[in-house]
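Reading through the structure tokens given below for one structure.
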Amino acid sequence: NKVDIKCDTLNYATVYVGGLIGNANGCTMTNCRNEGNITSNAAYVGGVVGQAEAISGCVNSGIVTITTSSDTVKTAYCGGVAGNVTSSTISNCHNNGAIYINKKSSSDSYYGGVFGLANSNVSNCSNTGAITCAVMSNTKSIFVGGIVGCNTSSSEVTMLNCYNEGDIVCMEDETNRYVGGLLGYDKRMSIKNSYA
């Protein structure tokens, strides 16, 4: 994909926006690339795909912007490659595009240079795009990571051979903010041979 995509919606819970696919449930995405800019206030936003099940070898170089709306009350997932990934293994995915976050929500929100939320093994992934978080006024937690915003897996998973070289700027002074060069919040993820 090389075209820009803009999607404004009022039904945040069920809207998926991606450069190639909105929701790739039940699909395998391999060696896909997005170069277009993505702008949306939807719940699931990714440079390549909003939500994915199995993904490898995918690259985003477009700018991803998740926008503010006073009506946004649902959980938000945003990543340079994918907003949310539900597979057991993720590999060889890369984001080079800048990510801009300016979104209000009364639910937890997940933002990552490559993946917003990933409860999976992640290997050989990288981010070089800058992540900028404006004032978001969430009443719940915000998770921001250079590779993965948050991991909430109930079983042990691994981040292996990953790196982030993108700056992260979060203009927030409220509580319940979790920001990391690789991972915003880690529940059951072992990090090996990775750097930020």
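The values are calculated or read from the model by the stated rules, or taken from the named source; none is laboratory data. All of these numbers come straight from a predicted model, not from anything done at the bench. Neighbour counts run over all protein chains shown; Cβ positions are idealised from the backbone, glycine included. Side chains included, ligands, DNA and RNA excluded: accessible areas come from the protein's heavy atoms. Shrake-Rupley method; radii C 1.70, N 1.55, O 1.52, S 1.80 Å.
Points worth noting:
- Using a probe of 1.4 angstrom and keeping all protein chains present, the accessible surface of the stretch 21-110 works out to 32 square angstrom per residue.
- Ordering of 21-27, 183-189, 42-48, 107-113 by packing [mean C-beta count within 10 Å, highest first]: 42-48, 107-113, 183-189, 21-27
- In this simple spin-label model, placing a label point 7 Å from the Cα along the Cα-to-Cβ direction at both SER106 and ASN176 gives a separation of 1.2 nm.
- About its Cα centre, the chain has a charge dipole of approximately 220 debye under the convention of +1 per Lys or Arg Cβ and -1 per Asp or Glu Cβ, with nothing else charged.
- Alpha-carbon centroid distance for the pair the stretch 161-196 / the stretch 73-90, whole angstrom: 15
- Projecting label points 7 angstrom from Cα along Cα→Cβ for THR89 and THR152 puts them 2.6 nm apart.
- Pairs of lysine residues in the stretch 67-196 - Cα separation under 13 Å, sequence separation of 8 or more or cross-chain: 5
- Stretching the chain fully between ALA134 and THR14 yields a gain of 40.8 nm (0.36 nm per residue, less the alpha carbon separation).
- Solvent-accessible area of the stretch 96-196 (1.4 angstrom probe, protein heavy atoms only): carbon and sulfur portion equals 45 percent.
- Close amide H pairs (under 5 Å, H built 1.01 Å from N) link LYS74 with SER106, residues at least 5 positions away or on another chain.
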